[in-house]
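Structure record follows, encoded as structure tokens.
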Amino acid sequence: MADRLHGYRILILETREEAQFSRLLSEQGADVLQCPMFTINDVSDPAPVEDWIRRCIEQPFDDLVLLTGEGLRRLMKVVRRVGVEAAFVAALGQTRKFARGPKPGRALREIGLEPQMTAEKPTSDGVAEMLSRLDIRGHRLGLQLYPDKDHGVLIGAIRAQGAEIDTVLPYAYDAQAADANIVTAIDEMADGRIDAIALTNLGQVRRLIEVARARGCEQRLRQGFERTAIASVGPAVSDELASHGLRTDIYPAENAFFMRPLISAMADALSKSPPRSAARA
């Protein structure tokens, strides 16, 4: 299976698990161009996060919804800093845990826990649909949020079921720091020096469009997409692409919406023709 992507130049935009994604692609022989979409920082004021952790320990939630793996890892960073790791993990052990997708599940396993349920679709709508099948009336529900997303619809859906929600936002994005790198990546695609772009969350699509518009190079971006195979990790990303009039060329096997199946699908699709990027380098 090794070297199936030898000679192909792949653009990745992942930030939270960029190193792992790059390593997996490199193991298949790919030349990986990394372009982080943003820098992830701790929140400027840790007090609300610390207070949420204290409430979780003092009275464990009935339910906990984790939207990102990064969120739990950032919470654990604070937990360890304030010296309450054992108590926090014990509290989570008493709580019914729900994951938006495989990444929060992996973060739970890092601390010896498992999600009781994972959304079939790794989206906020998928979480709402999963919870709609359960009786959570009167439950205290912890909800870990992530930046640059309006979570009002999800929160409204949970409250409509009669749950009391306690939210926490444990990290922040610095988007401006990455703008110049994004413009460079757009130029690489438009000039035909990329064989495929691998998109692993819908925020990446939105960010590309936003930066291209702000920097006056949206047409260059669309030219780049025309010349580059577009690989999508799952339905949320493909739906976002379609909303901007963009296609999906490569898609993993059904219900396998994470890195390894995406890489396998890319290897299958790209290996049918020689790398284009090498001829244009």
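Nothing in this text is a laboratory measurement; each read-out follows from the coordinates by a stated rule. Note that this is a predicted model, so its numbers are computed, not measured. Virtual Cβ from ideal backbone geometry, glycine too; neighbours counted across all protein chains shown.
Hey, got a sec? Which GluC sites (Glu not before Pro) in segment 221-266 land in a DSSP loop and have at most 12 other Cβ atoms within 10 Å? Walk me through the numbers before you get to the answer.
Working: sites: 226, 240, 254; in loops: 254.
Those satisfying the criteria are 254.
How much of the DSSP beta bridge set in segment 41-173 is antiparallel, as a percent to the nearest 5? Walk me through the numbers before you get to the answer.
Numbers: 2 of 17 bridges.
Close to 10 percent.
By how many degrees, 0 to 90 and rounded to 10, does the Cα axis of helix 18-27 deviate from the longest principal axis of the chain?
On a 0 to 90 degree scale, this one is about 50.
Of 13, 262, 134, which has the largest mean-square fluctuation in a 10 Å C-alpha GNM of the chain?
Among 13, 262, 134, the largest mean-square fluctuation in the Gaussian network model of the chain belongs to 134.
Starting from one equal scatterer on each C-alpha and no solvent at all, send me the Debye-based log10 I(q)/I(0) for the chain at q = 0.08, 0.10, 0.12 Å⁻¹, two decimals.
-0.37, -0.57, -0.79
With springs connecting C-alpha atoms under 10 Å apart, model the chain as a Gaussian network and identify which of 250, 165, 194 has the largest mean-square fluctuation.
Among 250, 165, 194, the largest GNM mean-square fluctuation belongs to 165.
Assuming 0.36 nm per residue, please report the length gained on full extension of the stretch residue 269 to residue 219 beyond their Cα-Cα distance.
15.4 nm
Please find, in a Gaussian network model of the chain (springs between Cα atoms separated by less than 10 Å), the residue of 147, 102, 36 whose mean-square fluctuation is greatest.
Of 147, 102, 36, the Gaussian network model singles out 147 as fluctuating most.
Between segment 74-142 and segment 210-252, what's the alpha-carbon centroid distance in Å?
Cα centroid of segment 74-142 versus Cα centroid of segment 210-252: 31 Å apart.
Just the number, please: percent antiparallel of the DSSP beta bridges in the chain, rounded to the nearest 5. List each step's numbers first, then the result.
Details: 4 of 31 bridges.
So the antiparallel bridges amount to about 15 percent of the total.
Could you work out the helix-only [θ] at 222 nm for the chain, with each DSSP H run of four or more residues adding -39,500 (n - 2.57) and the total divided by the number of residues, to the nearest 500 deg cm²/dmol? Before the final figure, lay out each step's value.
Details: 13 runs with 132 residues, N = 281.
Roughly -14000 deg cm²/dmol at 222 nm, from the helical runs in the chain.
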